[in-house]
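Beneath this line is the structure, given in structure tokens, with notes to follow.
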Amino acid sequence: MQDLTQEILELIRRTSTDLPEDVETKLRAAYADEETGSAAQGALDTILKNVDLARSNSTPICQDTGTLLFYIHYPEGMSTRKLKKQVQDAVIKATELNYLRPNSVNTITGKNTGNNTGDDYYPTIHFEEVDENLPLTIELMLKGGGCENVGAQYKLPNTEMGAGRDLAGVRKVVLDAVHQAQGKGCAPGVLGVAIGGDRGASYLASKETLLGKIGEKNPNSELNAMEKQITEETNQMGIGPMGFGGKTTVLDTKIKGLHRLPASYFVSVSYMCWAYRRRKMTVNGTEISYD
Ligand code: SF4
């Protein structure tokens with residue numbers, strides 16, 4: 001099997017230092033939309049200058065290089081054990097080269113491993129098998145701690161909030177999550193929402209929605225309309241970039257519905273900060289490309 005350690009290292013470098021075009025375009029549009037000379041526009045200006053500097057110097061976009069979340073679709077017959085080792089080796093090398101901050105702390109002892117590896121969950125790698133004639137794809141998301149801390153899970157119905165087991169109830173709790181977060185998740189952010197599933201599947205799916213590009217249309221027309229509505233309504237809250245006030249609190253909303261037990265109705269909200277770092281590598285024989 002091909003050794004892809006160097007190529008995965010390059011995927012990590014790009015993800016940590018080069019903000020995707022769709023995110024940057026949306027941030028630039030937000031800058032143009034804010035009042036000239038406002039604190040909101042100043043915050044976006046600083047963010048955008050930082051994005052340029054990180055790209056030209058190949059340095060991390062943010063000091064918190066986040067939790068490493070890999071999503072690997074591998075052709076039938078490929079060894080996931082070997083792929084996992086290559087990912088871990090690339091992560092260790094990326095930490096040595098300062099593309100990643102040493103971020104993996106043993107929760108019991110408080111000791112940092114120093115190289116971004118740890119137990120079986122660090123880095124987190126999700127594997128899914130595809131047909132043997134399909135390419136190998138490796139997606140990486142770097143999810144910051146500040147935005148992870150403001151993620152939330154709700155169990156409907158929620159009588160205090162008047163949120164029932166329907167899309168109107170979902171809307172109420174998602175708006176509540178953004179209101180609770182205020183600027184703490186490093187707004188402007190992107191909302192990944194999953195409805196249904198068990199608690200674990202729901203959170204997992206809410207993060208997976210964040211692999212999509214900003215502005216991608218939801219194939220479910222009802223959810224597509226709700227995504228637009230929630231983005232608009234959150235932007236009327238006045239929280240603004242980094243909580244300084246303004247018109248831009250959320251850049252986009254992505255919602256996925258999962259099947260659920262009749263007894264449960266969970267809504268999970270994963271908040272992604274403006275440092276919306278996600279990249280994809282595709283391996284087609286000897287050809288390797290990055291998105
Ligand atoms: S939440 Fe995002 S932007 Fe804020 S410190 Fe963490 S990684 Fe950086």
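Throughout, read-outs are computed from the coordinates displayed, never taken from laboratory work. Please read these numbers as outputs of a predicted model, since none were measured by experiment. Cβ coordinates were reconstructed from backbone atoms using ideal geometry, including for glycine residues, and neighbour counts include every protein chain displayed.
Annotations
- The share of Cα pairs per 5 Å bin across the stretch 102-159, counted from zero up to the longest distance, runs 4, 11, 15, 17, 16, 13, 11, 9, 4, 1, 0 percent.
- Given Lys155/Lys207; Lys143/Lys247; Lys184/Lys207; Lys207/Lys247; Lys155/Lys280, the pairs whose alpha carbons are separated by over 21 Å: Lys143/Lys247; Lys207/Lys247; Lys155/Lys280
- Sparsely packed loop sites in the stretch 101-206 (the trypsin sites (Lys or Arg not before Pro) outside DSSP H, G, I, E and B with at most 14 other Cβ atoms within 10 Å) comprise Lys111.
- Using R0 = 41 Å, the C-beta based FRET efficiency linking Arg81 and Glu216 works out to 0.80.
- Angle in degrees between helix 39-57 and the longest Cα principal axis of the chain, rounded to the nearest 10: 10 degrees
- Exposed-loop-free span, longest in the chain, where GluC sites (Glu not before Pro) count as exposed if DSSP calls them loop and at most 14 other C-beta atoms lie within 10 Å: 217-291
- Here the stretch 146-272 is treated with +1 on each Lys and Arg Cβ and -1 on each Asp and Glu Cβ, and its dipole about the Cα centre works out to around 100 debye.
- Other residues whose C-beta falls under 15 angstrom from the C-beta of Gly197 contribute a net charge of +4, scoring Lys and Arg +1 and Asp and Glu -1.
- Most fluctuating residue given options Ser206, Ser221, Ser104, as computed from a GNM of the chain linking Cα atoms under 10 Å: Ser221
- The stretch 146-272 - Debye-derived log10 I(q)/I(0), Cα point model, q = 0.19 Å⁻¹: -1.00
- For the chain, the cysteines with no partner cysteine C-beta closer than 4.7 Å are Cys62.
- Angle between the chain longest axis and helix 221-235 axis [Cα atoms, degrees, rounded to 10]: 70 degrees
- Of the chymotrypsin sites (Phe, Trp or Tyr not before Pro) found in the stretch 106-171, those in coil by DSSP whose Cβ has at most 11 other Cβ atoms within 10 Å are Tyr121.
- For the chain, the mean residue ellipticity at 222 nm estimated from helices alone is -11500 deg cm²/dmol, where every DSSP H run of n ≥ 4 contributes -39500 (n - 2.57) and the total is divided by all residues, rounded to the nearest 500.
- As an equivalent ellipsoid, the chain spans semi-axes of 31, 24, 18 angstrom, where each value is the square root of five times an eigenvalue of the C-alpha gyration tensor, largest first.
- The stretch 197-231 versus the stretch 134-167: alpha-carbon centroid distance in Å: 9 Å
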